[in-house]
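For reference, the structure discussed in these notes is given below.
Rule-based calculations on the coordinates, nothing more; no lab input. It should be emphasised that the depicted structure is a prediction, and the values quoted were computed from it without experimental measurement. Cβ atoms come from the backbone with ideal geometry, glycine included; neighbour counts cover every protein chain shown.
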Amino acid sequence: MDHSKAPVLEALEAYHAEQQTPFTPPGHKQGRGADPRVRAVLGDAVFRSDVLAISGLDDRTSSHGVLAEAQALMADAVDAEHTFFSTCGSSLSVKAAMLSVAGPHETLLVGRDAHKSVISGLILSGVRPIWVDPQWDGDRHLTHPPSSESFHAAFRDHPEAKGALVTSPTPYGTCSDLAAISAVCHGYGKPLIADEAWGAHLPFHPDLPTWGMDAGADVCVTSVHKMGSGLEQGSVFHLRGDLVDRHVLSSREDLLGTTSPSTLIYAALDGWRRQMVEHGRDLYDRALSLVAGVRSRIEAIDGMRVHGRADFCGPGRAADMDPLQVIVDITGLHISGYSAADWIREHHRVNLHLSDHRRISAQFSHADDEESAERLLTAFEDLARHAEELRPAPEMHVPGPAELRLEQVVLPRDAFFGPTEQVPWRKAAGRVSAEMLTPYPPGIPAALPGERLTKEVLEYLRGGVDAGMVIPDTVDSEVRSVRVAVEE
């Protein structure tokens, strides 16, 4: 296919050249009605290109096939058979994929390190999850994606499962062995959904971890806004093979998606695909070289340890790691990652990717350069010099996997939508959670609707909030009380 084309951008350019006059939404009419104070901040170009996709970018019947051609080009770029654009982020894309594989009261194997958007999909669909445990690194208090052996055991015990979902890469950059997991799934005749929200860039350089489509996954979900040049909410999901019906996948996306998609988001997705096909290899050559130097310089800062493949990959751990996720253990500074991230933002205006009780991380992409890298390094060096001001690190006990793993006793949907009550956190042990309790980022719930809460998990969350952890999706974000199901 001709990847010099960008159908959405070309259609938008034609729309402007033809000087079309809209008597349709959006009501700002290409910015003419927008408040000048808003235009001063956002810029006129945003409003000028915010036009309808139908009866705007394309005609009433979509006869020009603008979106269809853009999606076909995206599929060709990443060796997929079909690609769908989403302007509602991968949170929608992963739900559409899940609902295409399993329906209400059917079972789906799901890695327990799934993002909260997956849990939302379970709540909406009524799908029964069979949890597949991640691999626990007891030395670093960190989980890595589940192994293929764990998925094999789960299929053996639950042959009725309609398929499997795995998250790879994780927000920490660690990757599962997708080829082995795909082989397990296909051995049972079942599809694999890869939640690759953090992996949109993987197809475009050989030194990055293996791309899910190349590893045999049936559906791959990617957030182009995370690691690519997409605008926020720009996501795509890709399909190969016949284990998932593309018409079903399309109908599920239509069910969940907006009827007012953003042309701005479509255009950015289209342009990013062209950029990657034409220049991706060179861009990531430079990005990987840049980040290698950054890693070496951070490692030289006293009290900081940069995690790489040697730490995170191997038997009982991850299969690979994205080097663009720079994960830094700062236990040597005797401060918490939460306070470190806050201090760096306050004093250097540098926003870090994620932080936990002992780590901070920086997400690099093809957009970074020597200037942005130097700002990060200056902030890290200054943090080390001022670490004493942030001591002592709050004491925080992170339970092991046996204590963190909760029993799923009710379907997530039933617990979420059933009768509930709010109880003090100390009285919630033994009760069934009716909400997600999710440290964010990275957005992996510690407790889900339908799971029976334990004293250990509640103490972990309550202590975590005191230490700086953010839990935004609960009724009480301080976790002084918890929403639980009313049980007969």
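Pick out, in residue order, every one of the trypsin sites (Lys or Arg not before Pro) in segment 334-384 that is DSSP loop and has at most 11 other C-beta atoms within 10 Å; say none if there are none. Mind dumping the intermediate values first?
Working: sites: 345, 349, 358, 359, 375; in loops: 349, 358.
In loop regions of segment 334-384 (DSSP not H, G, I, E or B), the sparsely surrounded trypsin sites (Lys or Arg not before Pro) are 349.
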Low-density loop cleavage sites - GluC sites (Glu not before Pro) in segment 1-57, where at most 13 other Cβ are within 10 Å (DSSP): 18
Length-normalised contact order for segment 384-488 - Cα pairs under 8 Å, 6+ apart - percent: 34
Antiparallel %, DSSP beta bridges [both residues in the chain], to 5: 70
Span from the segment 132-158 Cα centroid across to the segment 426-451 one, whole angstrom: 20
Fewest-first sequence of 329, 195, 285, 356 by Cβ atoms within 10 Å of each Cβ: 285, 329, 356, 195
Low-density loop cleavage sites - GluC sites (Glu not before Pro) in segment 135-201, where at most 10 other Cβ are within 10 Å (DSSP): 160
Residues in segment 378-418 reached by a label modelled at residue 302 [backbone nitrogen below 19 Å; 7 Å Cα→Cβ]: 378-393
